[in-house]
Amino acid sequence: MSGDINKSYWLLRNSSIEHVPAAKLLLAKCCFDSDKYGLSKKKIKTKFLILFFYSRLHEAESILIGNSSSINTLGLDDFINDHADQAVFALQLLAKVCE
């Protein structure tokens, strides 16, 4: 399963998706899932891989908050405008990322 997530991640990462809310959400979900499957399922213990997957979790947060400098300065109206019809799903994923 994580192989498909990684393929999807690299495909989305190497495309221009900055104006497609559904694609940004999918990329953030790939980042989140690669963290979840990478660390908990495989029990990765090397520092390099732990940092790699941690950076993917951080990347998911960055994708979701968009142009805000941090989650603390994120405005709900801006978030909804950035994610359009996908806002409710993006907000749910952001909550999971921040757990």
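FYI, it's all coordinate maths here, none of it is from the lab. Computed from a predicted structure; not experimentally measured. Ideal geometry is used to build each Cβ from the backbone, glycine not excepted, and the neighbour counts take in all protein chains shown.
What order do you get for 82-90, 23-31, 55-63 when each peptide is scored by the mean count of other beta carbon atoms within 10 Å, highest first?
Details: 82-90: 16.8, 23-31: 22.2, 55-63: 19.0.
The densest-packed peptide leads the list: 23-31, 55-63, 82-90.
Net charge near TRP10, counting Lys/Arg +1 and Asp/Glu -1 over other residues with Cβ under 12 Å of its Cβ?
Details: positive: LYS7, ARG13, ARG56; negative: ASP4.
Net charge around TRP10: +2.
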Taking 0.36 nm per residue of separation and subtracting the Cα-Cα distance, what length does fully extending ASP85 through SER55 add? 8.1 nm
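Can you give the net charge of the other residues whose Cβ lies under 12 Å from the Cβ of PHE89, counting K and R as +1 and D and E as -1? Before the final figure, lay out the partial values.
Details: positive: LYS24, LYS29, LYS96; negative: ASP85.
My count for the surroundings of PHE89 gives +2.
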Simple spin-label estimate for SER68 and ARG13 in nanometres, 7 Å along Cα-Cβ: 2.4 nm
